[in-house]
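To start, the structure under review is shown below, and the notes come after it.
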Amino acid sequence: MLLEVSQSAIEQEVYKLDLHLENGKAIGLRWAASCVDDMMRTKKFIKELMEDVQNRIAQKPAPIHILYAGTGPFAILILPVLACYSPAEIQVTLMEINKESFEGVKKCFNQLQLETYVKEYIHEDATTYINNQSGLTIP
């Protein structure tokens, strides 16, 4: 379903290519999409994120803002969390360096009608990104 809504054609050879960046490597669209198949990894990350969101909402007036760097084409780790909260409670910034993954995640959120949760889409390298609003660098 996620491949369909993100309109990601992961079988093409070009989507197997990683991006080699100044500070490391960003995996290709195909490999990012296949992370969803690692159920134990995905479950653990979602569980931890859900617990953190619950704690932050209990401590702070909504909305809380989540920066999700390295979304891949689906932003799979945040989808179950968004299903439990309203856009008034959670806002997300989705950051992805890989152009195909970036376009895929935008299509995914559009098709799933989740755009009201999105504060911003950022097509940047998270290792060098500077948040112009606060002047903070995200390491």
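Nothing in this text is a laboratory measurement; each read-out follows from the coordinates by a stated rule. Please read all numbers here as calculations on a predicted model, not as lab measurements.
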### Task
Determine ³J(HN,Hα), in whole Hz, for all residues of region 54-66 in sequence, where each value follows from phi through the Karplus function 6.51 cos²θ - 1.76 cosθ + 1.60 and θ = phi - 60°; x replaces Gly and Pro.
4, 5, 5, 5, 5, 8, 10, x, 6, x, 9, 10, 10
## Note on the structure
For residue 69, other-chain or 5+-apart residues with amide H closer than 5 Å (H placed, Pro excluded) are 95
